[in-house]
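Notes to accompany the following structure.
What follows is calculated from the coordinates using simple rules that are stated; it is not laboratory data. Since the structure is predicted, the reported quantities are computational estimates derived from the model, not experimental observations. We place every Cβ from the backbone using ideal geometry, glycine too, and count neighbours over all the protein chains shown.
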Amino acid sequence: MVEARKLEPRDFQFVEILGRGAYGRVAKAVRKETGETFAVKIIEKAHLKKENKARQALIERNILAKLRDHPGTVRLHHTFQDPENLYFVLEYCPNGDLMDLMNSFEGRFPLELARFYSAELTVILDLLHQRGIIHRDLKPENLLLSQDFHLKLSDFGTGKEINPDPDGTEINRERRGTFVGTAEYVSPEVLLDQEVGREADLWALGCIIYQLVNGRPPFQAMNDYLIFEQIKENRVNYPDTMPYDAADLVNKLLVLDPKGRLGAGNPGEANDMDALKSHPFINSIDIANIFTTPIPCDN
Ligand code: ADE
């Protein structure tokens, strides 16, 4: 959207705090002129300076801008700044996040809903990766729910743009000394300080599908260190109650070798993105129209 002028904080009525992080906070805010509600991410410049994160904030903004027309990500409407803060004016998601939704079912999340969200998240990742973006901190808390309960991926604060090279394999793969992500969903290559590419998001996809179906993440322990040990050994239990096709899909995503994961192969290979999208657990879903399909619910 092209605005005649840059917006300012006083154009908004700030209503309540929706979330807090090291970066600052996210506030629900109403634009006075139009009455529209937004979620405004307020990033403190002092924090960016202290933590040397100004570049990452710019990357986050560029990624959000690049994804403005992407139906599965939280839309960026405006950005502005004042001497203290950066402001990202984002689409407001009124129904919380996928973690809240799973908790609300108290372990009895309907299988058809798990299947639907597994397919929707797969499609979101495919679109993201096609645009050369990796998220690197996929987790149920970062999957917000739109008015009609579709998934909206948010928080690109750890995102990264990769440049596809002419063969379709990305360059710019990065080795990172510091851990980015969240313990339960972090991939083994991040823990082993190896190259990290889009396959890290496929690992997290496997963790989230497991959790949607079984009500708990695959790697769980008393502390992060013990979780990391389990991840590095890929120690997963598949409960007897888990449907075979769901377990098969997770098993093909939770593969220690990043290149061996379903969806990681180059086009035409047995484990390419088409093979992931047509896996039996999700191939009954009309993925071409998923963002306009009503979510399955019993009532
Ligand atoms: N919390 C963080 N981002 C949000 C958003 N876009 N909508 C609602 N709550 C949020």
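Values as computed for the structure displayed
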quantity: Normalised per residue, the volume of the convex hull around the Cα set of the chain (Å³); calculated: 151
quantity: Whole-Å distance, taken between Cα centres, linking the stretch 233-288 and the stretch 3-22; calculated: 40
quantity: Per-pair calculated FRET efficiency, R0 = 25 Å: residue 84 and residue 22 via Cβ, rounded to 0.05; calculated: 0.95
quantity: Inter-site label distance for residue 34 and residue 100 at 7 Å from Cα along Cβ, in nm; calculated: 2.3
quantity: Residue-span extension gain [residue 259 to residue 148] - 0.36 nm each, minus C-alpha spacing; calculated: 36.4 nm
quantity: Nearest-ten-degree value, helix 244-253 long axis tilted from longest Cα axis of the chain; calculated: 70
quantity: At R0 = 51 Å, FRET efficiency that the Cβ-Cβ distance of residue 15 and residue 270 yields, to 0.05; calculated: 0.50
quantity: Highest-first arrangement of 132-139, 263-270, 233-240, where packing means the average Cβ count within 10 Å; calculated: 132-139, 263-270, 233-240
quantity: Rounded to the nearest 20 debye, dipole of the stretch 1-61 from Cβ charges on Lys, Arg, Asp, Glu; calculated: 300
quantity: Entries of 32/139; 41/252; 66/277; 139/252 with Cα pairs more than 30 Å apart; calculated: 32/139; 41/252
quantity: Sites residue 216 and residue 161 - FRET efficiency at Förster radius 30 Å, r taken between beta-carbons, to 0.05; calculated: 0.35
quantity: Value of [θ]222 nm, deg cm²/dmol, for the chain, DSSP H segments ≥ 4, -39500 (n - 2.57) each, nearest 500; calculated: -9000 deg cm²/dmol
quantity: Theoretical gain in end-to-end length, residue 248 to residue 195 [0.36 nm per residue, Cα-Cα removed]; calculated: 16.5 nm
